[in-house]
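These notes are about the structure you will find just below.
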Amino acid sequence: MLKRVLVIGVGFMGGSLCLSLREKFKDLEIFGIDLKEEVIRRAKELCVIDEGFTDYSRLRDVSFDCIFLATPVRTFTDIAQRIRDFKAYLISDLGSVKGSLVYRLEEILGERFVGGHPIAGTEKSGVENSIRGLFEGKRFIITPTERTDQSRKEFLKGIWERLGSEVEEMEPFLHDFVFGVVSHLPHLVAFCLVDCVRELSREINLFKYTGGGFKDFTRIAKSDPVMWKDIFLENGENLLKALKTFKDSLEKLEELVREGREEEIVEYLKGARECLLL
Ligand code: NAD
């Protein structure tokens, strides 16, 4: 079913995809492209890819069943321009933002493109942290449009189901609202919290005294800055709307604390806690 694939961006997600594909599709040939020679060298050493390049022209005449984009989302349209003449049945991605980006990629790549987003990952980045089986039991969102070719969509669905993912379809703009709220906002808040503690650490190093609560809350602030800069900017509109609601909630609780309104504070906290216990 899958004989030859190309993964562009052989970092944590690209590398995890390669390892997972290799396990599930026997005799699969895996090619990689990355910005950095060093990444290609490491990926070959770790048997993540069979062959890799930094130069796109080396692969122009090779036929692929599928090409996956696994670089930061703001690089996608430039990469799509570079591979528009590549021979591939399907071109897909692992990007965390969809929305108008899907339509821009469709514009460049035509019906070969079908967008996707694996809801799996960690705060780690880089090919050396790749995990075989990362996508097992995780959700994979396909974001078709009215232009999407049905056979290619089914083909993509088949690949991710073989990797053990539960595949769900979602409209690209709805995807960005949903993940803007449940993923992008929490990352932004985690980065801000760490920044706040740094700001308050002028006289005493507060990081020395952090415990489980702080670590649980801020693990995701160890994530790659370039990847998250791209997500924040590409999904800026949804993120800013969600942030507005977050600020309103924060101000509400701030007022209750300032005015010492005990019962209302308990009600507020109970309301939040109950959402998680459902
Ligand atoms: P990463 O930093 O580990 O890997 C990115 C790789 O892309 C690096 O090897 C980098 O050298 C390479 N790269 C950067 N720009 C490039 C370019 N212009 N051309 C070629 N190579 C380039 O990041 P990651 O965590 O693997 O994330 C990759 C993608 O997966 C992002 O689009 C992200 O939104 C998405 N994603 C990440 C997670 C996660 O938990 N990390 C989860 C779901 C989706």
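The values are calculated or read from the model by the stated rules, or taken from the named source; none is laboratory data. Predicted model, so just to flag it, every value in this text is computed and none were measured. Don't worry about glycine lacking a Cβ; one is built from the backbone with ideal geometry, like all the others, and counts go over all protein chains shown. Accessible surface areas use protein heavy atoms only, side chains included; no ligands, DNA or RNA. Shrake-Rupley method; radii C 1.70, N 1.55, O 1.52, S 1.80 Å.
Numbers at a glance
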{"read-out": "Pairs from K36/K215; K3/K153; K3/K157; K215/K241; K208/K247 whose Cα-Cα separation, in the structure shown, is over 20 Å", "value": "K36/K215; K215/K241; K208/K247"}
{"read-out": "Two-decimal log10 I(q)/I(0) for the range 216-278, as the Debye equation yields it once each C-alpha is a single scatterer, q = 0.17, 0.20, 0.24, 0.29 Å⁻¹", "value": "-0.84, -0.96, -1.03, -1.11"}
{"read-out": "Cut-off 9 Å between beta-carbons: net charge of the residues surrounding Y89, Lys and Arg +1, Asp and Glu -1", "value": "+2"}
{"read-out": "Heavy atoms of L174 accessible to a 1.4 Å probe, total area in Å² rounded to 10", "value": "90"}
{"read-out": "Descending principal axes extents, the chain, alpha-carbon based, whole Å", "value": "70, 43, 31"}
{"read-out": "Under 5 Å, built H, 5+ apart or other chain: amide partners of R4", "value": "E29, D65, C66"}
{"read-out": "Percent accessible area from carbon and sulfur atoms, the range 174-277, protein chains only, probe 1.4 Å", "value": "61"}
{"read-out": "Kirkwood-Stokes translational diffusion coefficient of the range 70-131, alpha-carbon pairs, 37 °C, 0.692 mPa s, µm²/s", "value": "260"}
{"read-out": "Within-15-Å neighbourhood charge of R42 [Cβ basis; K, R +1; D, E -1]", "value": "-3"}
{"read-out": "Accessible area (Å², per residue) of the range 67-146, counting only protein heavy atoms and a probe of 1.4 Å", "value": "38"}
{"read-out": "Check: the chain dipole with +1 on Lys, Arg Cβ and -1 on Asp, Glu Cβ, in debye", "value": "720"}
{"read-out": "Sequence-separation-based contact order of the range 4-170, relative, with Cα cut under 8 Å and 6+ spacing, percent", "value": "24"}
{"read-out": "Simple spin-label estimate for T75 and I265 in nanometres, 7 Å along Cα-Cβ", "value": "4.7"}
{"read-out": "Efficiency of FRET from Cβ geometry, R104 and R147, R₀ 22 Å, rounded to 0.05", "value": "0.95"}
{"read-out": "Neighbour-limited loop hits for GluC sites (Glu not before Pro), the range 175-278 (at most 14 other Cβ within 10 Å; DSSP other than H, G, I, E, B)", "value": "E203, E259"}
{"read-out": "Radius of gyration, Dmax [the range 90-175; alpha carbons; angstrom]", "value": "12.9, 38"}
{"read-out": "Carbon/sulfur fraction of accessible area - the range 25-84, other protein chains in place, 1.4 Å, %", "value": "46"}
{"read-out": "Accessible surface ranking that places the most exposed of V97, V181 first, with a 1.4 angstrom probe", "value": "V181, V97"}
{"read-out": "Computed over the range 7-102: relative contact order in percent, which uses C-alpha pairs under 8 Å that are six or more apart", "value": "29"}
{"read-out": "Length added when fully stretched, D85-E171, from 0.36 nm per residue minus Cα-Cα", "value": "28.2 nm"}
